[in-house]
Amino acid sequence: MKKAFYAVLLLTLTVFLAAGCGKGANSQGETSQVPGVQAGEIRVATQPTPNIAPIFVAKQKGWLEEEMAKVGVTVKWTSFQAGPPMNESFAAGEQDVGFLGDTAAIIPKSAGQDMRVVSMAATAPNALAIVVPKNSQITSPQELKGKKVATVKGSYAHHLLTLVLQNNGLTTNDIQFINLTLADIGTALANGDIDAGGIWEPLITKLEDDGIARVLVDGTGIKKGSLVVVASNGFAVNNPELVKTFLKVYQRGYEFIKANP
């Protein structure tokens, strides 16, 4: 039986919004007569990770579309392979709400990007890991010194890698750091082009099941592996009711999973 590799947290539904709603039109140029709603569309950014399974349940069942239709709002879904490219899309004004790993959410926020965290989504320490080829001679993090190690720069797996190295007396200067996409890391491991990779689910399980890689160390006791719900500031301020509805739909997905394990 496969390990359970995500743990969804109950949402408080406390949305950290500025008091009141903005009166100007939003980025999509739509307005609504419903209080707390100015958008005609909500653009949702996701990542293909089981950590946010509740939103995929909601998407499959059409719950978000159902709730948004009540206030005349449509839903547009976009999937990203990792947090950094999602951040680029947010920066370009192309997304309204989405799910990011903690590191990917902190970096742009600290750099002044127009984004805020509105809720915790999930946490799963064993859903991110440093993996090595199945037959690798590497058995401890100390042995990563001088090796080719790839991860998605700016991702929460990148942060895990930094912490693992630090805990073992190393830094990224002690390895051959390579910035690759998640898919390319899997290919590079299979081809023997890298010695290790910092990745997350579902790629960890896939590479294990395919006999390509094994876990050297995961986030247990090192990094919680938290994912958060983020929203652009403008959307959150102008559409607080839509943000609340989005979180309630996510909660509904969580309750469904809990009742149907």
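The values are calculated or read from the model by the stated rules, or taken from the named source; none is laboratory data. These numbers come from a predicted model, not from an experiment. Here the Cβ is made from the backbone with ideal geometry for all residues, glycine too, and neighbour counts use every protein chain on show.
Evaluate the following for Ala53: is it surrounded by fewer than 22 Cβ atoms within 10 Å (Cβ to Cβ), aliphatic (A, V, I, L, M), within 19 Å of Arg252 (Cα to Cα) and modelled with pLDDT of 90 or more?
Judged against the criteria, Ala53 is a match.
For the stretch 62-101, name all the residues that are within 17 Å of Leu182 (Cα to Cα), in a helix (DSSP H, G or I) and not hydrophobic (A, V, I, L, M, F, W, C).
Hits for the stretch 62-101 are Gly83, Pro84, Pro85, Asn87, Glu88.
Tell me which residues, restricted to the stretch 62-89, are within 13 Å of Tyr254 (Cα to Cα) and of a type in the set (Lys, Arg).
The answer is none; no residue qualifies.
Can you find even one residue in the stretch 145-155 that is polar (S, T, N, Q) and either crowded, with 18+ Cβ neighbours inside 10 Å or not assigned by TED's automatic domain parsing to the domain that holds Leu203 (or both)?
yes
Just for the stretch 157-186: of the residues that are touching a Lys or Arg at 6+ places or on another chain (Cβ under 7 Å) and part of a loop (DSSP other than H, G, I, E, B), which one is surrounded by the fewest Cβ atoms within 10 Å (Cβ to Cβ)?
Result: Leu170.
Give the residues of the stretch 208-243 that are among the aliphatic types (A, V, I, L, M), surrounded by fewer than 23 Cβ atoms within 10 Å (Cβ to Cβ) and at pLDDT 95 or above, sorted by residue number.
Pass one, the stretch 208-243, residues among the aliphatic types (A, V, I, L, M): 212-213, 215-217, 222, 227-231, 236-237, 242-243.
Of the ones still in play, those that are also surrounded by fewer than 23 Cβ atoms within 10 Å (Cβ to Cβ) are 212, 215-217, 222, 228, 237.
Scanning the stretch 208-243 gives Ile212, Val215, Leu216, Val217, Ile222.
Let me spell it out: the conditions are (1) surrounded by 24 or more Cβ atoms within 10 Å (Cβ to Cβ); (2) modelled with pLDDT under 95, and Glu201 meets all of them except one. Which number is the exception?
The number of the failed condition is (1).
Applying the selection to the stretch 187-204, what residues are outside any loop (DSSP other than H, G, I, E, B) and touching a Pro at 6+ places or on another chain (Cβ under 7 Å)?
The answer is Leu189, and nothing else.
Please identify the pairs in which a residue from the stretch 172-197 that is assigned by TED's automatic domain parsing to the domain that holds Ile130 and over 14 Å from Ala157 (Cβ atoms) has its Cβ atom under 8 Å from the Cβ atom of a residue that is of a type in the set (Ser, Thr, Tyr) and buried (at least 16 other Cβ atoms within 10 Å of the Cβ), counting only partners at least 6 apart or on another chain.
Correct list of pairs: Asp195/Ser136.
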